[in-house]
Amino acid sequence: MKNLTFIFALLFLSFLTICKAEEKAVLDPDAFRHYVEQFNADDEETVRQAFPNEKAWEFMRENIPLFDYPDEEIQRTWYFRWWTFRKALKMTANDGWVVTEFLPKVPWSGKENAISCPAGHHFREGRWLPNRQILDDYARFWLYGGGAIRSYSFWIADSVWQYALVTGDSRLAMSLLDALVLNYEAWEKSNRDPNGLFWQIDGRDGMEVSIGGHGYRATINTYMYMETLAISRIAALAGRAELAREYAEKAAVIQKLLNSRLWDPEARFYKVAPRVETADAPLVLRDVREEHGFTPWYADEGNLPPAEYAVAWDQLMDPKGFYAPFGPTTAEQRHPEFVISYEGHECQWNGPSWPYSTAITLTALANLVNREAQADDQAQAAKHRKAFVETLQIYAHSHQRKREDGKVVPWIDENLNPFTGDWIARTRLKDWGWKPEKGGYERGKDYNHSTFCDLVVNGLIGLRPSLENGLTLFPLVDRGVPYFCLDRVPYHGKTLTILWDSDGKQYNRGVGLRVLADGEEIYTSEKLPEKPVWVPLN
C-alpha cells in the first residue's frame, strides 16, 4: 500500500508539472495517443511492474517529452521506446526505484532483478524524464543499496554526471562523490594490470563469444577514462581541488595508454589485446575490427581519440565492415570468423547486431560530428552526419517483429540477424521451449539494454546539455527535413521546446529554428546551424 501511495503521489506531481508545461506547449499529447493504444492492443503483457499497460498512456502523457518528425519509423520508435522504458520501472520495498534490464526474473541478475550491464544506458535515457526521484533512487541503489555494481562494465560516475548536466543540479553527484571514488578504486584493484591498462572478460562487457575475446579492450578503458574525468569534474564542483587534479591526471594516463597501445595504425582501428604478465611486455592486437572499437568516441568530453583517428568511421558504412540492412554488425564482415549462427550460445557478438552496441556507436558518432563541426571541418562533419541519420533510420527500422499471423509489430529484443531482422536469441529460446534456466518465456521481450530516445534528443535534435546556464544546440537532421519538434523537455528546471519549420506552416510559429523555454522564445535562426551554437537560458 505504501508503494502504491508513493506511485500515485508521483503521478499527481508529474500531472501538475505537465499541466503547466501544456499551457505553453506546441504539440498536443493526444495527437500521439494512438501509438500507445496500438502498442497495448498488440502486446502480450507478460510482466507487470509499477506502470502496467493500462497506466501506460497516463504515465507517458504526464512524463515524456513529445516528438514530431516526418520519418514515421523514427517517430513511432520514439514513443515505442518510452512505452517499453516505462515497463522497466520498478518500485522496490527498500530501495525506491530501480530500472530493470529484463522484465522476467533471470538467474544471472542481482538484487531486484537489476543488472549493471545496461545501467549506463538507463541513465542516458531516463535523464529526459521530469521525475528526478527515479534516477536519484537508482544511483543510490547501485552505490549503497547492494546492487552488483561491478559484475559488468558500468560507467556510473559518468552516468551521474550526464544526469546532472540535464537537471542543472550537481548536488546528487557531489553527495555520491566518495562512493564513486571507492567504486573506481575497486575497479583499479580488480581489473587494472601493471602496464596501466584495464582488462575485461568479453562477457562481463556484455559481449560474450566475441572474436577479439578477453583482454585489454577499448570498452573498459574508455569507461574508466569517463569515470576518472567525471570524478574530476564533480570533485572540482565540490571544492576538492586536490582530488580533481588527481583524477584529471588519471584520465590523461588512460587516454595516452588507450591511444598508444590499443590503436592499430595499419588497420586504423581500436582493437583488443590479450593480457600480458609484466608492465613492459609488448602487446599483440587481435586481428579483427569489432564494433566496440568505436567506443572511445562515446566519451563526450576530453576529446579522447585524436582527430586523425576518425578514419576508423569509414568502416561503419562499408558493407565489408559493419554496414547491414539491420545493422551495424558487431564484427567486420570481411573477417573469416564473422558468423550469424543459430547454434551454440544464443547471444553471440561475432556478427549479429546488438542494440546495446548500436546505441553506443550512435552516441559516439554524434559526439564526433559535433567535434568536427566545432573545428570547422565541415566536409567530415557533413559526411558523418549523413552516416548518423542513416544508421539511426536503420536502427529504428529494426524495432519490429513479424508475428506468426503475419502482422508486423513494434519490438525490441536482444540480438538481431543483421541481414533479415530476425531476433536471434528469441528464435533460439523459443525453439528450446523457453527454458527457465535461460530466463523463461519471452525473456528478451521489451529488452531494456540500449538507448533510443537519448539518441534523438542528444543527437538527432542536438540538445547538448551543460551545467552552465544554457545549452549547446546542433541538430544532426538531414538538411532537407521540412519540420521537427521536440516539446516538453525538462532541462534545468525549465521546459524546453526545440522546433524547425521550413515554411512556417507546420507549427505556425514562424519560419526557421526556434528554442523556447517555458514558452518564451530564447533563440531563433532562419537556417539550421552548420556548427554547434550556444543558447543561453536567459
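The values are calculated or read from the model by the stated rules, or taken from the named source; none is laboratory data. All values derive from a computational prediction rather than experimental measurement. Ideal geometry is used to build each Cβ from the backbone, glycine not excepted, and the neighbour counts take in all protein chains shown.
Points worth noting:
- Just one of the numbered conditions (1) in contact with a strand residue (DSSP E or B) (Cβ under 7 Å, 6 or more places away or on another chain); (2) of a type outside the set (D, E, K, R); (3) buried (at least 21 other Cβ atoms within 10 Å of the Cβ) is not true of residue 476: (1).
- Qualifying residue in the range 290-297 (condition: assigned to a helix (DSSP H, G or I), farther than 30 Å from residue 414 by Cα, within 27 Å of the chain's Cα centre (by Cα) and among the acidic types (Asp, Glu)): no
- Residue 98 vs. criteria among the β-branched types (Val, Ile, Thr), at pLDDT 95 or above, over 20 Å from residue 169 (Cα atoms) and surrounded by fewer than 22 Cβ atoms within 10 Å (Cβ to Cβ): no
- Sole residue being within 19 Å of residue 342 (Cα to Cα), modelled with pLDDT of 95 or more and in contact with a strand residue (DSSP E or B) (Cβ under 6 Å, 6 or more places away or on another chain), chosen from 402, 430: 402
- Residue in the range 181-190 that is out of contact with any His (no Cβ under 9 Å at 6 or more places or on another chain), of a type in the set (Ser, Thr, Tyr) and within 14 Å of residue 156 (Cα to Cα) present: yes
- When residues of the range 148-180 are limited to those that are part of a loop (DSSP other than H, G, I, E, B) and among the aromatic types (Phe, Trp, Tyr), the one farthest from residue 136 (Cα to Cα): 152
- Meets criteria (crowded, with 20+ Cβ neighbours inside 10 Å, of a type outside the set (Val, Ile, Thr) and under 28 Å from residue 461 (Cα atoms)) for residue 123: yes
- Residue 358 being in a helix (DSSP H, G or I) and surrounded by 24 or more Cβ atoms within 10 Å (Cβ to Cβ): yes
- The set of residues from the range 455-511 being assigned to a loop (DSSP other than H, G, I, E, B), touching a residue at least 24 places away in the same chain (Cβ under 8 Å) and more than 17 Å from residue 523 (Cβ to Cβ) comprises 467, 476, 478, 479, 481, 482, 493, 506.
- Reported count of residues in the range 506-529, each being among the acidic types (Asp, Glu) and either surrounded by 14 or more Cβ atoms within 10 Å (Cβ to Cβ) or touching an Asp or Glu at 6+ places or on another chain (Cβ under 9 Å) (or both), is 1.
- Pairs linking a residue in the range 164-185 that is closer than 18 Å to residue 223 by Cα to a residue that is part of a helix (DSSP H, G or I) and of a type outside the set (A, V, I, L, M), with Cβ atoms under 6 Å and 6 or more positions apart or on different chains, are 184/227.
One line per residue, one yes/no per condition, for (1) surrounded by fewer than 16 Cβ atoms within 10 Å (Cβ to Cβ); (2) in contact with a strand residue (DSSP E or B) (Cβ under 6 Å, 6 or more places away or on another chain):
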| position | (1), (2) |
| --- | --- |
| 239 | yes, no |
| 242 | yes, no |
| 260 | yes, no |
| 273 | no, yes |
| 276 | no, no |
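- Residue under evaluation residue 42, criteria (1) more than 30 Å from residue 104 (Cβ to Cβ); (2) modelled with pLDDT of 95 or more; (3) surrounded by 12 or more Cβ atoms within 10 Å (Cβ to Cβ); (4) acidic (Asp, Glu), criterion not met: (1)
- Residue in the range 254-272 that is in contact with a His (Cβ under 9 Å, 6 or more places away or on another chain), assigned to a loop (DSSP other than H, G, I, E, B) and in contact (Cβ under 8 Å) with a residue 60 or more places away in the chain present: yes
- Restricting 148, 173, 119 to those that are within 19 Å of the chain's Cα centre (by Cα) and on the phi < 0 side of the Ramachandran plot reduces the list to 119.
- Within the range 371-393, the presence of a residue that is outside any helix (DSSP H, G or I), over 15 Å from the mean Cα position of the chain (by Cα) and within 28 Å of residue 106 (Cβ to Cβ) is excluded.
- Residue selected from the range 479-489 under the condition surrounded by 21 or more Cβ atoms within 10 Å (Cβ to Cβ) and of a type outside the set (Asp, Glu), by the criterion nearest to residue 61 (Cα to Cα): 488
- Yes/no for residue 297 being closer than 20 Å to residue 208 by Cα, of a type in the set (Phe, Trp, Tyr) and buried (at least 23 other Cβ atoms within 10 Å of the Cβ): no
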